[in-house]
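All remarks here apply to the structure that follows.
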Amino acid sequence: MTLRELEEGDQAALDRAIAEFAAVDPAWSFAFGYAPGADYASFLARSRLVRGGVDVPSGRVQNTLLAAFEGDRIVGRGTVRHRVTPELLERGGHLGFGVVPLARRRGVATAILRGCVAHARARGIPRALVTCVETNLGSRRTIERAGGVLDDIRPHADARVCRYWI
């Protein structure tokens, strides 16, 4: 598996990954701000600006979006937020990840999360926060396999949230 930023030739792979993910969980955004068939070049340009801290949309922070590839197929994605807000300290953290359904239960999520940790450290983030809903046992195991240490579990508006530091 290769974890890298999206490039100009990746639109078809991203469209396919979004469709695969949406078939199982349509409410969760696989690629923030992009939908299959949309203006991919503009999405890439916006992603690069946000990575650089320019024109970051309200409610978001500077971040890097990474795609996990097996060959020419995207099997997952990771997000590295370069800083956290008070809200992200409660739910969201520095790192996020998602895996397309057909690639689950094969260690892909752990590899993505470990890659995100390495990316965060390279950006000068020595300790990264990762959160998940308490009942999401798959995410909890993934975070723990990647070196996450549970800090606490906090009530949130709609669920109890586990906060891990890596």
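The values are calculated or read from the model by the stated rules, or taken from the named source; none is laboratory data. Keep in mind that what you see is a predicted model, and the values were worked out from it rather than measured. With ideal geometry, Cβ positions are generated from the backbone for all residues, glycine too; neighbour counts draw on all protein chains shown.
Tabulated data
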item	result
Ala122 small (Gly, Ala, Ser), buried (at least 20 other Cβ atoms within 10 Å of the Cβ) and at pLDDT 95 or above	no
Only listed residue being out of contact with any Phe, Trp or Tyr (no Cβ under 9 Å at 6 or more places or on another chain) and under 24 Å from Glu70 (Cβ atoms), chosen from Ala118, Ala109, Ala157	Ala118
Single residue of segment 60-70 satisfying the filter (modelled with pLDDT of 95 or more and outside any strand (DSSP E or B)) that is nearest to Glu8 (Cα to Cα)	Gln62
Count - residues of segment 114-140 that are of a type in the set (D, E, K, R) and touching a residue at least 40 places away in the same chain (Cβ under 8 Å)	1
Hits in segment 16-37 - residues which are surrounded by 12 or more Cβ atoms within 10 Å (Cβ to Cβ), outside any helix (DSSP H, G or I) and without any contact (Cβ under 8 Å) to a residue 60 or more places away in the chain	Ser29, Ala31, Phe32, Gly33, Tyr34, Ala35, Pro36
Residues that are part of a helix (DSSP H, G or I), surrounded by fewer than 19 Cβ atoms within 10 Å (Cβ to Cβ) and either in contact with a Leu (Cβ under 9 Å, 6 or more places away or on another chain) or without any contact (Cβ under 8 Å) to a residue 24 or more places away in the chain (or both), drawn from segment 86-113	Pro86, Glu87, Leu88, Leu89
Tally of residues being at negative phi, part of a loop (DSSP other than H, G, I, E, B) and of a type in the set (D, E, K, R) across segment 38-59	1
Residue in segment 43-59 that is in contact with a strand residue (DSSP E or B) (Cβ under 6 Å, 6 or more places away or on another chain), at pLDDT 95 or above and within 19 Å of Val108 (Cα to Cα) present	no
Selection status of Val133, farther than 14 Å from Thr64 by Cα and of a type in the set (Val, Ile, Thr)	yes
Qualifying residue in segment 8-17 (condition: farther than 14 Å from Arg77 by Cβ, touching a helix residue (DSSP H, G or I) at 6+ places or on another chain (Cβ under 9 Å), at pLDDT 95 or above and of a type in the set (Asp, Glu))	yes
